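Trainee: Take this structure first; my questions come after.
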Amino acid sequence: MRRCIVPDDELARFDDFVSSRLPALYRYACALTGNRHDAEDLVQEALARTGAGWRRVRRKDDPEGYVRMAMVRLMLNKRRRDRERLMADPPDRAADDQRLDGVTALAATQAALAGLPRGMRAVLMLRYVDGFSDEQIADVLGCSASTVRSQACRALAKLRAAADTQEEPHG
């Protein structure tokens, strides 16, 4: 069994990075996954993998960007694995809907994002949070730039529809 031994100074640098960037990484993961539990798992897995190669990662221009890309790739890999598994029971959407009662506009937006398929969510995050071009997003997701544009267009239309539904008076 091979052990990964990280020098103390590298471990301290990694700890400093995690301490300073964890809240932002967690928010990003929440937006990607749509729920806190999966976000916590995603951040933990991405940081565990990044920590093992921290010396190499920290030399990059943007270590946080590297961790974010790791999270996107991990989420997409999970999506591929989940697609291969047959679901015995569909997810309980009623419990999710009950949690949305009385939320602020920000929480409603997060819920609308969570309702998007993971691929659409990834496109929006990479475009609007990370500032990637359509071509860069296509490279990350392994699709064409036109697919990225159509996914973004459909995702934005779904968000607009969700916002319009929120604004309609209930009664």
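The values are calculated or read from the model by the stated rules, or taken from the named source; none is laboratory data. Here the structure is a predicted model, which means the values were calculated and not measured. Note that each Cβ is placed from the backbone with ideal geometry, even for glycine, and that neighbours are counted across all protein chains shown.
Trainee: Sort through R81, R21, R56 and tell me the only one that's exposed (fewer than 14 other Cβ atoms within 10 Å of the Cβ) and under 26 Å from A111 (Cα atoms). Outline the logic, then answer.
Mentor: Working: R21 fails: exposed (fewer than 14 other Cβ atoms within 10 Å of the Cβ); R56 fails: under 26 Å from A111 (Cα atoms).
Answer to the selection: R81.
Trainee: Note down all Cβ pairs under 9 Å where the first residue falls in the stretch 158-171 and is of a type in the set (D, E, K, R), the second is modelled with pLDDT of 75 or more, and they're at least six residues apart or on different chains.
Mentor: Listed pairs, sorted by first residue: K158/A112; K158/G115; K158/L116; K158/M120.
Trainee: A further question follows. Looking at A48, is it assigned to a helix (DSSP H, G or I), touching a Cys at 6+ places or on another chain (Cβ under 8 Å), without any contact (Cβ under 8 Å) to a residue 40 or more places away in the chain and not assigned by TED's automatic domain parsing to the domain that holds G142?
Mentor: Working: assigned to a helix (DSSP H, G or I): yes; touching a Cys at 6+ places or on another chain (Cβ under 8 Å): no; without any contact (Cβ under 8 Å) to a residue 40 or more places away in the chain: yes; not assigned by TED's automatic domain parsing to the domain that holds G142: yes.
Judged against the criteria, A48 is not a match.
Trainee: Of all residues in the stretch 60-89 being assigned to a helix (DSSP H, G or I), farther than 17 Å from Q136 by Cα and among the aliphatic types (A, V, I, L, M), which is modelled with the lowest pLDDT?
Mentor: M75
Trainee: Residues of the stretch 113-157 being farther than 23 Å from A70 by Cβ and at pLDDT below 90, which ones?
Mentor: Step one: filter the stretch 113-157 for residues farther than 23 Å from A70 by Cβ, giving 115, 144, 146, 149-150, 153-154, 156-157.
Of everything in the stretch 113-157, just one residue is farther than 23 Å from A70 by Cβ and at pLDDT below 90, namely G115.
Trainee: Sticking with this structure for a sec: Is it the case, given these coordinates, that A105 is among the small types (G, A, S), more than 17 Å from A39 (Cβ to Cβ) and at pLDDT below 65? Even if it seems obvious, please write down each step before you answer.
Mentor: On the way: among the small types (G, A, S): yes; more than 17 Å from A39 (Cβ to Cβ): yes; at pLDDT below 65: yes.
Against the criterion (among the small types (G, A, S), more than 17 Å from A39 (Cβ to Cβ) and at pLDDT below 65), A105 qualifies.
Trainee: Still on this structure, please answer the following. Just the residues that are hydrophobic (A, V, I, L, M, F, W, C) and surrounded by 14 or more Cβ atoms within 10 Å (Cβ to Cβ), please, taken from the stretch 26-53. Outline the logic, then answer.
Mentor: Narrowing the stretch 26-53 to residues hydrophobic (A, V, I, L, M, F, W, C): 29-32, 39, 42-43, 46-48, 52.
A29, C30, A31, L32, A39, L42, V43, A46, L47, listed by residue number.
Trainee: Please give the number of the condition A94 fails out of (1) assigned to a helix (DSSP H, G or I); (2) over 19 Å from the mean Cα position of the chain (by Cα); (3) at pLDDT 60 or above.
Mentor: (3)
Trainee: Residues being of a type in the set (K, R) and touching a helix residue (DSSP H, G or I) at 6+ places or on another chain (Cβ under 6 Å): count how many of those fall in the stretch 14-48.
Mentor: Residues of the stretch 14-48 of a type in the set (K, R): 21, 27, 36.
Right, trim to touching a helix residue (DSSP H, G or I) at 6+ places or on another chain (Cβ under 6 Å) and you get 21.
Residues meeting the conditions: 1.
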